[in-house]
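Everything on this sheet refers to the single structure shown next.
The values are calculated or read from the model by the stated rules, or taken from the named source; none is laboratory data. Only a predicted model underlies this, so the values are computations on that prediction, with no experimental measurement involved. Cβ placement follows ideal geometry from the backbone for every residue including glycine, while neighbour counts extend to all protein chains displayed. The accessibility values were calculated without ligands, DNA or RNA, using every heavy atom of the protein model including side chains. Shrake-Rupley method; radii C 1.70, N 1.55, O 1.52, S 1.80 Å.
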Amino acid sequence: MYSRLFSLSTLLYVLTAPVCLNSVAAPAVPAAVGKQGFHAVRLPVSFFAENRARLHAELKKMGPGTIAVIKSMPEQHRNGDSTHMYRQDSDFYYLTGVEEAESVAVLDADSNQAYTLYVRKRDQRREAYDGARLGVEGALKLGADKAEAFPAAEDSLKKLVNKAQRVVLVSNFDEDFRRKMLDWIYPLGSDNNHSSHKRILVDGRHLVAEMRLIKQAAEIDMLQRAVDVTIAGHLAAMKASRTATNEGEVAGGFQGTVRSLGARFTGYDTIAGAGRNSCVLHYLTNDHDIETGSLMLLDAGAEVGYYTADVTRTWPVSGQFSKEQKAIYELVLKAQNAAIDLVKPGRVHHEGFDAAMRILSDGLVDLGLLKGDKDSVFKSGAYSRFTMHGISHWIGLDVHDTGDYQMEAGKRGGQRVLVPGMALTVEPGIYIPKDANDVDAKWRGIGVRIEDVILVTPDGNRNMSGKLPRTVKDVEAVLKKLN
Ligand SMILES: [Mn+2]
């Protein structure tokens, strides 16, 4: 997914119901995926316990009387009496492994029995509709030292919060719960002698964000599964495009394949734009007819075991790039390769962007799309009219994963330095809208983005999605094979 760098936190991608189509046979599924795919794969209980232990250690550093309260994702209304399919909050999942709504986790820095989990109570009738609930027993199996069920648990939770001197709240999307915590901690109308004035509420999201930024080995394996399923989906979409008359068939080729290989969700809504729609960055309707000779841009990522891929490929539906399409594609690829080369320990996250923009700007001058000498065109920023967006974001449980890009001022220019275990996308693009009337007509309606998932390794990087064809030669070859 294209990156609006530094405004990521404002974006919330709500998933639509899965597309139901006849699945398209995936032609060259990565060997690791196999025929079965990765249905219902999950990280082990020990993974979540270790994450809690790390947070617990942070709480201890804050002093006695510190607890963390972590809240699950609220259910999301869709329309009428329908809700969106439930997907747990990423922070909550990372610390608990619990997939249910209406759950609250508490970590107590002072206690050896540190982890309390509050869950929905068992309900035979509701479970007949919605499936089994964890209940207290299930919560204990997931590693809780103590577990209680709502609504009776409400009192216990309130007591824990009232007893604490410092409450570290991790609640990303539950506004009502945040307000409730404020009401409990700082009740209105209490006088100055009330103990509430000594309590401190701390926003704990940043602590978890920084933990999530560095991926552990088990997370990298899960991310690779998501990427491999995504590769199978992209190949199926490429195959579908050879005979498709509508973008929906291409999107469906991806969606059907990744679902059949274990992706309950995609990490964000699939972008499948042909021709002029390849220039629409967040094009989601995917329902226009495909014109002969168009480029097809597919930005799509499967979510497997809660980790999502984010991969973009652009290809000619005819099977062969036109001269102009090829020129733009080669330029974007050159910029992407240069930016990927800068993904290594010790480099700064933003360096790849700077290198890619210089290449794109110079290339746009060479192609006659921008006029003037290269240095002044670059300095003026004129290229951004065609390059549009940032080219990299962290990736993991969220497509735009957590962790700061800017560190405190003065620390290597205030930019985040890359270290092994970080996973990020590299995704430059060039977009020449159909209605760009001041541009030579031969260029109009060409939109190209190439995006891969890159892991920072001790000696450089690994392109986790590199098996999906990227070069003009390889893309044309695979299209020929898929025909
Ligand atoms: Mn992306």
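Dimensions of the chain from C-alpha coordinates, computed as largest minus smallest value along each principal axis and given longest first, are 75, 55, 43 Å. Taking the DSSP bridge list for the chain and keeping only pairs wholly inside it, about 75 percent are antiparallel. Judged by the mean number of other Cβ atoms found within 10 Å, the most tightly packed of the peptides 80-87, 122-129, 400-407, 263-270 leads the ranking 263-270, 400-407, 80-87, 122-129. Under the simplified labelling scheme, the residue 75-residue 473 pair shows an inter-label distance of 5.6 nm, with each label point 7 Å from Cα along Cα→Cβ. Solvent-accessible surface of the chain, taken per residue with a 1.4 Å probe and all protein chains present: 44 Å². A Förster radius of 25 Å, combined with the Cβ-Cβ distance separating residue 366 from residue 463, puts the computed FRET efficiency at roughly 0.40.
What 222 nm value per residue comes from the helices of the chain, counting each DSSP H run with n ≥ 4 as -39,500 (n - 2.57) and dividing by all residues, nearest 500 deg cm²/dmol? Walk me through the numbers on the way to the answer.
Numbers: 14 runs with 165 residues, N = 483.
One gets -10500 deg cm²/dmol as the mean residue ellipticity at 222 nm.
For the chain, which whole-number percentage of the solvent-accessible area (1.4 Å probe, protein heavy atoms only) is attributable to carbon and sulfur atoms? Present the calculation step by step, with values, prior to reporting the outcome.
Working: 10740 of 21130 Å².
C and S fraction of accessible area: 51 percent.
Starting from the Cα of residue 146, draw a straight line to each of the lysines and keep only those under 26 Å, dropping any in the same chain fewer than 8 residues away. Counting by Cα, and skipping residues close in sequence, residue 146 has these lysines nearby: 60, 61, 71, 121, 158, 159, 163, 180.
Sorted by packing (mean other beta-carbon atoms within 10 Å per residue), highest first, where do 440-450, 224-234, 426-436, 56-66 land? Working shown, then result.
Working: 440-450: 20.6, 224-234: 27.9, 426-436: 22.2, 56-66: 15.0.
Ranked from most to least packed, the peptides come out as 224-234, 426-436, 440-450, 56-66.
Of all beta bridges that DSSP places with both ends in segment 35-161, some 70 percent have antiparallel geometry.
Helices meeting the span-like rule in the chain (full DSSP H runs, Cα extent of at least 18 Å along the helix axis, mean Kyte-Doolittle score of 0.5 or higher): 217-241. In summary, the lysines within cross-link reach of residue 434, defined as a Cα separation below 28 angstrom excluding same-chain residues under 8 places away, comprise 239, 323, 326, 334, 371, 374, 379, 442, 473, 480.
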